[in-house]
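First up is the structure itself, then whatever we jot down about it.
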Amino acid sequence: MRRALTALLLACAALTAQAQPLISIIIDDIGDRYDYGRRALELPGALTYSILPHTPYAAHFARLAHQRGREVMLHLPMQAEAGNRLGPGGVTLDMTEQAFRDTVRANLAAVPYARGINNHMGSLLTRHPGHMDWLMSEMRAQGGLFFVDSVTTVRTVAAHVALEHGLPSTRRDVFLDSATDPDSIRRQFARLLAVAHQHGTALAIGHPYPGTLQVLAEMLPQLDMYGVRLVPVSQLIATRQERSPQLWRASLSPSPPAAKN
């Protein structure tokens, strides 16, 4: 299986055109487990770390990531269709606008150096334009933030509303670990590379699961061989805007939702 995967990836690399394809990888759910967070921070390359607010190690890992030159995001808990437990800092449909905005501000304060936000769960809330309007308005007021739609439902409007507010924004292309066994994660990583070679950029989201950490430790040192470059999410968003307005619009087409929602 690994031999076939390597052949596929090398074939993708052979198709590299003039501009080198770029990938970004967000590691979600940092902050509630020290051991997993520490291992995630030890991975090589320009990974982006999305940190759950008000968790025991949120501020610690945000500062450590920043010290190591890594990009930090707020992983904002949003209400899911199935009623999953949100944990601290969650935003829900029954909130008033003021309570919603206050919660977002408190969450940003709990994650030092956050450059952007992506949704944790949110298969219900990201479908609602009014609440997404509150979020993007508050992010605009804070200044200098970008938004990544994790796409936990095909009915999400979050990235569209972000663009309406003039916020730098994009959507993820690949979930690395909806299935957590290493072979499945390797297949998703191959898909990430294929999307990057086809479209010029690709954005993946993963989690600090043992299998994900194992596969990333294997694959990240080989990115030059596969003809792609790992960059922070903010750079990927800027590149998508610069390289092609048509590609930018295409990035807002529906993506498969997350299994965890």
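The residues of region 24-162 expose on average 38 square angstrom of accessible surface per residue, using a 1.4 Å probe on protein heavy atoms.
Electrostatic bookkeeping for residue 46 treats Lys and Arg as +1 and Asp and Glu as -1; over the other residues with beta carbon under 12 Å from its beta carbon, the sum is +2.
Remark: the residue 218-residue 82 segment gains 45.5 nm on full extension, using 0.36 nm per residue and subtracting the alpha carbon distance.
The mean sequence distance of close C-alpha pairs (under 8 Å, at least 6 residues apart), as a share of the length of the chain, puts its relative contact order at 26 percent. Once fully extended, how much extra length lies between residue 160 and residue 229, figured as 0.36 nm per residue of separation less the alpha-carbon to alpha-carbon distance? Between residue 160 and residue 229, full extension yields 22.1 nm more. FRET efficiency for the residue 113 to residue 184 pair, using the beta carbon distance and R₀ = 45 Å, is estimated at 0.90. Test of understanding: extend the Cα→C-beta vector of residue 20 to 7 Å, then name every residue of region 188-222 with backbone N under 19 Å from that spot. Within reach of a label on residue 20, which here means backbone N under 19 Å from a point 7 Å along Cα→Cβ, region 188-222 contributes 192-204, 219-222.
The values are calculated or read from the model by the stated rules, or taken from the named source; none is laboratory data. Please read these numbers as outputs of a predicted model, since none were measured by experiment. Here the Cβ is made from the backbone with ideal geometry for all residues, glycine too, and neighbour counts use every protein chain on show. These area figures cover heavy atoms from the full protein model, side chains too; ligands, DNA and RNA do not enter into them. Shrake-Rupley method; radii C 1.70, N 1.55, O 1.52, S 1.80 Å.
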